Amino acid sequence: MSKASIALFLFSTVSVLGLSVSTSKRKPPVKAIFFDCDDCLYQDNWYVAGKLTEAIESFCTTELGLPSGKAYDLYKEHGTALLGLLNEGLLERSAVDNYLKVVHDIQVKEHLRPDPKLRELLLRIDPSIKTYIFTASVKHHAVECLKALGIYDLFEDRIIDTKVCKLATKHSASSFLAAMDFANLPPSSSPSCVFFDDSPKNLAVASELGWRPVLVGLKGRDTGEDVVCEGAEKRIQSIHSLFEAIPELERR
């Protein structure tokens with residue numbers, strides 16, 4: 001057998017076994033895109049985030065009698081102040097709905113404005129790919145943000161909030177499994193899920209589960225320094241660069 005024949009035989013054998021080098025590196029088709037909401041679909045120098053932080057701080061100090069700064073410490077340790085309050089026995093489960101209502105009572109429409117460019121980009125996404133909002137906040141807050149941005153109709157029945165995730169944060173694998181369940185995707189579809197978020201911790205968990213994480217925003221809120229996010233497949237300054245991050249998301 002000639003060298004050429006041997007090479008052809010080996011190539012054919014490897015291909016049949018599904019071990020082709022070029023094939024093995026090929027990513028599966030994207031089935032779903034999950035977008036974080038705050039500081040991801042819009043960037044406002046953390047103004048709304050600051051208002052949320054103020055509301056949570058006020059609730060914790062006024063309603064619960066906690067020391068100043070405790071709420072933010074809980075957020076940093078547990079992923080959300082709410083989960084920290086529950087984990088440390090500082091808030092009863094029966095009070096969760098009231099907490100969520102009070103701390104999200106923010107008039108985002110007075111600050112956020114429609115984003116025609118974002119809408120145009122979202123409409124250019126391949127229609128075979130489902131799109132979802134995946135937020136640590138509550139649905140009504142996400143709805144207000146989406147309406148203010150002029151894109152609510154694109155996500156109307158596809159909002160995954162903290163209640164869908166049973167209050168688990170995106171620091172936890174269980175929230176990602178809940179998101180996939182909401183999207184009717186089995187865990188085996190993880191490599192077909194693209195995730196845009198501004199939190200390196202959230203993206204690290206997504207990466208561990210096999211999702212395709214994209215960091216949105218290159219500067220940190222607390223330090224203003226470059227964000228380090230080793231788990232991210234791509235890093236972009238804003239969501240307006242989503243097709244630069246993952247070109248195959250765009251309708252052909």
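The values are calculated or read from the model by the stated rules, or taken from the named source; none is laboratory data. This is a predicted model, so every value here is computed, not measured. Here Cβ is always computed from backbone atoms with ideal geometry, including for glycine, and neighbour counts include all displayed protein chains. Just the protein is used for accessible areas: all its heavy atoms, side chains included, with ligands, DNA and RNA removed. Shrake-Rupley method; radii C 1.70, N 1.55, O 1.52, S 1.80 Å.
What the table shows:
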| item | result |
| --- | --- |
| Single residue of segment 28-75 satisfying the filter (closer than 21 Å to Ser207 by Cβ and either open to solvent by 70 Å² or more (accessible area, probe 1.4 Å) or of a type in the set (S, T, N, Q) (or both)) that is farthest from the chain's Cα centre (by Cα) | Pro29 |
| Selection within segment 53-101 - aliphatic (A, V, I, L, M) and without any contact (Cβ under 8 Å) to a residue 12 or more places away in the chain | Ala95 |
| Enumeration of residues in segment 142-158 that are assigned to a helix (DSSP H, G or I) and either farther than 17 Å from Asp39 by Cβ or without any contact (Cβ under 8 Å) to a residue 60 or more places away in the chain (or both) | Val143, Glu144, Lys147, Ala148, Tyr152, Asp153, Leu154 |
| Condition met for Arg212 (farther than 24 Å from Leu112 by Cβ, of a type in the set (Lys, Arg) and at pLDDT 95 or above) | yes |
| Any hit, segment 170-188, residues being touching a residue at least 24 places away in the same chain (Cβ under 8 Å) and part of a strand (DSSP E or B) | no |
| Residue within segment 96-115 that is under 19 Å from Asn202 (Cβ atoms), at pLDDT below 95 and outside any loop (DSSP other than H, G, I, E, B) present | no |
| Residues of segment 167-202 satisfying the condition of being within 21 Å of Ala81 (Cβ to Cβ), among the hydroxyl-bearing types (Ser, Thr, Tyr), open to solvent by less than 30 Å² (accessible area, probe 1.4 Å) and at pLDDT 95 or above | Ser175 |
| Of all residues making up segment 125-139, the number that are modelled with pLDDT of 95 or more and open to solvent by 30 Å² or more (accessible area, probe 1.4 Å) | 5 |
| Tally, over segment 189-208, of residues that are assigned to a helix (DSSP H, G or I) and among the hydrophobic types (A, V, I, L, M, F, W, C) | 4 |
| Top-ranked residue in segment 146-177 [being among the hydroxyl-bearing types (Ser, Thr, Tyr) and in contact with a helix residue (DSSP H, G or I) (Cβ under 9 Å, 6 or more places away or on another chain); ranked as farthest from Ala95 (Cα to Cα)] | Tyr152 |
| Any hit, segment 194-205, residues being among the hydroxyl-bearing types (Ser, Thr, Tyr) and more than 25 Å from His78 (Cα to Cα) | no |
| Residue within segment 209-222 that is within 13 Å of the chain's Cα centre (by Cα), of a type in the set (Phe, Trp, Tyr) and not in a loop (DSSP other than H, G, I, E, B) present | no |
| Qualifying positions in segment 118-146 - within 22 Å of Asn184 (Cβ to Cβ) and of a type in the set (D, E, K, R) | Asp126, Lys130, Lys139 |
| Residue among Leu52, Leu85 that is closer than 28 Å to Asp197 by Cα, part of a helix (DSSP H, G or I), among the aliphatic types (A, V, I, L, M) and at pLDDT below 95 | Leu52 |
| Every pair of residues 6+ apart whose Cβ atoms lie under 9 Å, when the first sits in segment 234-252 and is under 11 Å from Leu121 (Cα atoms) while the second is of a type in the set (S, T, N, Q) and surrounded by 14 or more Cβ atoms within 10 Å (Cβ to Cβ) | Ile239/Gln43 |
